[in-house]
Amino acid sequence: MEHGSFTDNSAATFSLTDEDHTLANSVRFTLNQDPRVTFSGYSIPHPSQARINIRVQTTGEAASEVLKDACQDLMLMCRHVRSTFDKAVEDFKASNAVKAMKIDSKDSSDSEESE
Amino acid sequence: MAEQDEGRGKEKKFSIWDLPDVPMGQLPPHLELQRTRVLCNKDAPIHTESIQYSGAYSSIGVDNSVRLDNFCNNFRVEVIQLNEDDMVFDMIGIDAAIANSFRRILIAEVPTMAIEKVLIANNTSVVQDEVLAHRLGLVPIRVDPRLFDYMSENDQPNEKNTVVFKLHVNCKKGSPRITVKSDELKWLPNGSELVKESTANSDSSSKPETYTYFSCSQESVPEFVKNPIAPKYPDIILAKLGPGQEIELEAHAVKGIGKTHAKWSPVATAWYRMLPEVILLEDVKDDLAEELKSKCPVNVYDIEDIGKGKKRATVARPRSCTLCRECIRGDDWEKRVALRRVKNHFIFTIESTGALPPEVLFTEAVKILEDKCERVITELS
């Protein structure tokens with residue numbers, strides 16, 4: 001839920017339930033990177049309660065729009081991380097398989113597979 | 001810059017930006033050092049915070065924001081080691097906030113299957129019921145949790161959300177003491193075999209009611225025929241039985257996350273460290289070089305001969321530096337050796353307990369962060 005002024009929607013505090021530092025710190029990081037943001041921060045009102053307050057102050061744009069864009073950016077970053085990681089793991093497995101093949105063929109006989 | 005000179009009425013003042021060695025659009029080297037490196041001094045590390053604010057260097061005209069395309073171009077992953085149960089890989093170009101989120105999700109929010117309910121029919125061993133049940137809960141089970149659903153309080157246990165194990169061990173009178181290991185846990189693909197004691201007016205149905213309601217056997221899933229569900233390690237000691245003691249129980253495993261109880265955590269642990277950078281600020285020669293090399297417990301330094309019997313110290317393996325700070329401990333060593341950490345290069349280690357291979361675990365963790373973002377977006381719109 002969003003707590004802010006009805007007249008000025010460029011600054012607001014968003015209170016999210018069932019979240020903790022995991023999401024809050026990452027969202028705060030992406031918010032900070034956005035040049036439209038003048039202030040961003042998060043707090044946890046009580047550690048026993050799973051609730052976070054994210055404060056966003058912008059240079060005039062609607063705070064909820066900026067937060068939505070930041071979450072979108074974070075999602076795209078995660079997707080990119082995932083695809084890069086998958087590719088790196090595949091490349092590693094392929095190069096290991098090639099190395100294992102080379103070692104096997106060198107051990108067994110004189111003929112070797114040249115890459 | 002030419003306009004500024006003209007505006008000042010042709011006074012011969014020079015602007016610092018006209019100096020040839022201050023490149024425009026880039027930070028001066030000392031600021032770049034402060035932004036990208038943690039300096040680990042003798043007393044405490046400095047510059048540990050990451051300067052994230054997009055307008056931090058706006059007065060010099062440098063844009064500090066990491067836009068998405070910049071991130072996508074500079075981000076790299078390199079896998080160093082990949083085994084069945086653990087992996088070490090490098091992530092370059094990412095910030096500590098996001099790396100920490102991945103670590104937290106890996107430990108606490110990737111789901112697994114673990115034993116939750118234990119129905120004990122007979123336990124005459126010295127291990128109490130609740131202690132035995134606790135130990136059973138901590139046994140890692142080799143099954144893919146993505147094939148199962150969560151079970152809420154109103155659900156009945158069926159083949160989609162429960163895995164049933166049976167443990168029946170008996171130590172006969174006169175035989176020596178036996179150790180009950182986790183390979184005694186047998187998987188029951190057809191569900192529970194303990195019959196519920198129903199009240200007298202149950203109709204004469206042919207099948208007695210048990211504690212689970214499996215509509216079909218779990219063996220019908222081809223994945224479980226290829227790899228039958230079993231504990232990952234067959235030699236975990238659960239209890240010890242003396243002569244005449246018996247344990248007969250049934251254990252139901254359900255899906256959960258590490259936040260609820262650590263038994264559902266899919267990793268033994270997952271951690272990261274920043275890439276260490278060891279710089280020799282001045283030439284370290286001869287005796288000092290030997291001293292430096294012998295000080296380091298992990299052999300970061302090497303000696304090279306530069307001819308004429310002179311020796312010089314070089315940094316050979318900065319990656320293995322554990323930041324013990326032995327090399328900067330004596331007098332004057334701090335001005336010869338600089339220990340630093342690269343702020344956006346993380347060496348991740350993931351040790352899986354066996355339910356899922358570590359590379360799948362990391363992919364699942366990233367997916368979970370994406371789902372969290374999506375939930376926030378839908379709540380906002």
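If you take the residues in region A:87-108 that are charged (D, E, K, R) and modelled with pLDDT of 85 or more, which one is least open to solvent (accessible area, probe 1.4 Å)? Steps first, please.
The initial filter retains those residues of region A:87-108 that are charged (D, E, K, R), namely A:87, A:90-91, A:93, A:99, A:102, A:104, A:106-107.
Filter again for modelled with pLDDT of 85 or more, leaving A:87, A:90-91, A:93.
Numbers: A:LYS87: 124, A:GLU90: 124, A:ASP91: 84, A:LYS93: 101 Å².
In this case the residue turns out to be A:ASP91.
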- Item | Those residues of region A:51-86 which are part of a helix (DSSP H, G or I) and more than 8 Å from chain B (Cβ to nearest Cβ), in sequence order | A:ALA63, A:GLU65, A:VAL66, A:ASP69, A:ALA70, A:SER83
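Going by the conditions given, is B:ARG340 part of a helix (DSSP H, G or I), closer than 30 Å to B:GLY93 by Cα and assigned by the TED database to the domain that holds B:ILE51? Even if it seems obvious, please write down each step before you answer.
Numbers: part of a helix (DSSP H, G or I): no; closer than 30 Å to B:GLY93 by Cα: yes; assigned by the TED database to the domain that holds B:ILE51: yes.
Here the answer is no, as B:ARG340 does not meet what is asked.
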- Query: Does any residue of region A:69-78 turn out to be touching a helix residue (DSSP H, G or I) at 6+ places or on another chain (Cβ under 6 Å), in contact (Cβ under 8 Å) with a residue 40 or more places away in the chain and open to solvent by 40 Å² or more (accessible area, probe 1.4 Å)?
  - Reply: yes
- Message: With the requirement that a residue be surrounded by 13 or more Cβ atoms within 10 Å (Cβ to Cβ) and in a loop (DSSP other than H, G, I, E, B), what does region B:229-243 give you?
- Response: B:ILE229, B:LYS232, B:TYR233, B:ILE236, B:GLY242
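Among helices (runs of 4 or more DSSP H) lying entirely in region B:58-170, which contain 2 or more residues that are closer than 21 Å to B:PHE362 by Cα and either touching a residue at least 24 places away in the same chain (Cβ under 8 Å) or open to solvent by 30 Å² or more (accessible area, probe 1.4 Å) (or both)?
Details: elements: B:68-74, B:96-108, B:129-137.
Correct list: B:68-74, B:96-108.
Does A:ILE54 satisfy the criteria of being open to solvent by less than 20 Å² (accessible area, probe 1.4 Å) and among the aliphatic types (A, V, I, L, M)? Walk me through how you get there before you give the answer.
Numbers: open to solvent by less than 20 Å² (accessible area, probe 1.4 Å): yes; among the aliphatic types (A, V, I, L, M): yes.
Yes.
Count, please, the residues in region B:239-283 that happen to be hydrophobic (A, V, I, L, M, F, W, C) and more than 20 Å from the chain's Cα centre (by Cα).
Step one: of region B:239-283, the residues hydrophobic (A, V, I, L, M, F, W, C) are B:239, B:241, B:247, B:249, B:251, B:253-254, B:257, B:262, B:264, B:267-268, B:270-271, B:274-275, B:278-281.
Now drop any that are not more than 20 Å from the chain's Cα centre (by Cα), which leaves B:239, B:241, B:247, B:249, B:251, B:253-254, B:278-281.
Residues that pass the stated criteria total 11.
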- B:LYS172 fails exactly one of the following numbered conditions: (1) at pLDDT 90 or above; (2) under 38 Å from the mean Cα position of the chain (by Cα). What is the number of that condition? (2)
- Task: Say whether the condition of being in a helix (DSSP H, G or I), in contact (Cβ under 8 Å) with a residue 40 or more places away in the chain, within 13 Å of chain B (Cβ to nearest Cβ) and of a type in the set (Gly, Ala, Ser) is met by at least one residue in region A:20-29.
- Result: yes
- Query: Would you pick out the residues in region B:290-302 that are crowded, with 17+ Cβ neighbours inside 10 Å and over 30 Å from B:ALA97 (Cα atoms)?
  - Reply: B:LEU292, B:LYS293, B:LYS295, B:CYS296, B:TYR301
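Quick grid of which residues meet (1) hydroxyl-bearing (Ser, Thr, Tyr); (2) within 14 Å of another protein chain (Cβ to nearest Cβ):
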residue	(1), (2)
B:GLU304	no, no
B:LYS311	no, no
B:ARG340	no, no
B:THR349	yes, no
B:PRO357	no, yes
B:PHE362	no, yes
B:ALA365	no, yes
B:GLU370	no, yes
B:GLU374	no, yes
- The correct count of residues that are closer than 12 Å to B:LEU292 by Cα, open to solvent by 50 Å² or more (accessible area, probe 1.4 Å) and not acidic (Asp, Glu) in region B:325-344 is 2
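Taking the conditions exactly as written (under 18 Å from B:ALA365 (Cα atoms) and either polar (S, T, N, Q) or part of a helix (DSSP H, G or I) (or both)), does A:VAL89 satisfy them or not? Reasoning before the result, please.
On the way: under 18 Å from B:ALA365 (Cα atoms): yes; either polar (S, T, N, Q) or part of a helix (DSSP H, G or I) (or both): yes.
Criteria met by A:VAL89.
The values are calculated or read from the model by the stated rules, or taken from the named source; none is laboratory data. What you see is a predicted model; the values in this text were computed from it and never measured. No Cβ is skipped: glycine too gets one built from the backbone with ideal geometry, and neighbour counts run over all protein chains shown. In case anyone asks, the SASA skips ligands and DNA or RNA and just uses the protein heavy atoms, side chains included. Shrake-Rupley method; radii C 1.70, N 1.55, O 1.52, S 1.80 Å.
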